[in-house]
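Beneath this line is the structure, given in structure tokens, with notes to follow.
Derivation of every value follows stated rules applied to the coordinates shown; laboratory data play no part. Everything numeric in this text was worked out from a predicted model, so none of it was measured. So basically every Cβ, Gly included, is an ideal-geometry build from the backbone, and we count neighbours across all protein chains shown.
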Amino acid sequence: MIIAIIQARSGSTRLPGKILMKIKNKSVLYYVINQVKHSKKIDKIVVATTKKTQDDQVAKLSASYDAEVFRGDENDVLDRYYQCAKIFNADTIVRITSDCPLIDPTIIDRCIMEFQNTDYDYISNANKLENDSWVYHLNGFPLGFAVEVFTFNALERAWKDAKKPSEREHVTQYIPNNPKLFKIGVIENSNDFSDIHLAVDHQVDFDLVKLVIENFPDDEIYDLKKIISFFEKNPHLKQINSHIRFDEGYLKSLEEDKIAEKNHSD
């Protein structure tokens, strides 16, 4: 069974409550789930949120959008994914984050098809091999279009062995950190649109996504082609959040790794 697990919580540090913020009277979370629903390859959608009372609303909304709900650990997101995948008997997991309201279902299906036609343990459009190491990379896609597909066995191995805070928070990071243990594939875009940032991490990100969504009809299913066409007509909009690094959150996690290592050695 192919299960899309969307990690979601209201306690974001950079923009608290961002997935509950509304555009056209619908939450950011609604747009994420609705986009994923239009994948032709996914069997079930599960929103994996936390057990905290503040995320009761996330669970309630997810259920109202016809998604399954799982509640687990707030900070150990890898454990949340593993327990969720185990309960829902996932063979293949598609990881989506809830700050990507314009995630393209055709890109999701492209990643799944590539995964199905190979013997990869993990495939993504958000990692790239550079100097014999896998690094976080947009691969020509706008920020906010990241898709990861992996086996339950790969997830289980990461869950058992991952120790770094960044690997527990970012779910799959143990896999590219250990390329000798896994067969890893990459999906790249033929053109480079990585200067377009459509993940919602800050107020300016939300403002930009709101502008995009408000430009389209209410029942629109967004895809990369439509998004690029919009930005070609409105190139100045890229500047709204161009000052924010695409890997800001991941770099913060790496700093936490250093602190944890130092505390352990002390």
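Note: relative contact order over the chain, using C-alpha pairs below 8 Å and six or more positions apart, is 20 percent. With Kirkwood radius over Cα pairs in Å in mind, check [x] 18.7; [y] 19.4; [z] 17.8 and report the label derived from this structure. Recomputing Kirkwood radius over Cα pairs in Å here gives the entry labelled [x]. The range 14-93 to the range 208-222: how many Å between their Cα centroids? Measuring centre to centre over Cα atoms gives 21 Å. Separation of the alpha carbons by more than 27 angstrom is noted, of 37/60; 51/180; 26/163, for 51/180; 26/163.
Listed by chain and number, the aspartates and glutamates whose alpha-carbon sits under 20 Å from that of residue 238, ignoring those within fewer than 8 places in the same chain, are 99, 104, 192, 195, 201, 205, 207, 214, 223, 247, 248. Note on residue 38 and residue 160: with the Förster distance fixed at 25 Å, the Cβ-Cβ geometry gives a FRET efficiency of about 0.15. The C-alpha atoms of the range 1-112 occupy a region whose extents along the principal axes are 32, 31, 24 Å, arranged from largest to smallest.
Taking Cα centre as origin and charging only the Cβ of basic (Lys, Arg, +1) and acidic (Asp, Glu, -1) residues, the dipole magnitude of the range 59-211 rounds to 420 debye. When 223, 43, 119 are arranged by Cβ crowding within 10 Å, least crowded first, meaning fewest neighbours, the order is 119, 43, 223. PRE reach from residue 218 (point 7 Å along Cα→Cβ): which of the range 20-43 fall under 14 Å by backbone N? Residues 23-27 fall inside that zone.
Summing Cβ point charges (Lys, Arg +1; Asp, Glu -1) relative to the Cα centre of the range 2-265 gives a dipole of roughly 460 debye. Please report the net charge: other residues with Cβ closer than 12 Å to the Cβ of residue 216, K and R +1, D and E -1. My count for the surroundings of residue 216 gives -2.
With a simple spin-label model that places each label point 7 Å from the Cα along the Cα-to-Cβ direction, the separation between residue 238 and residue 203 comes to 2.6 nm.
Estimated at 0.36 nm per residue, the fully extended path between residue 64 and residue 1 surpasses their Cα-Cα distance by 20.4 nm.
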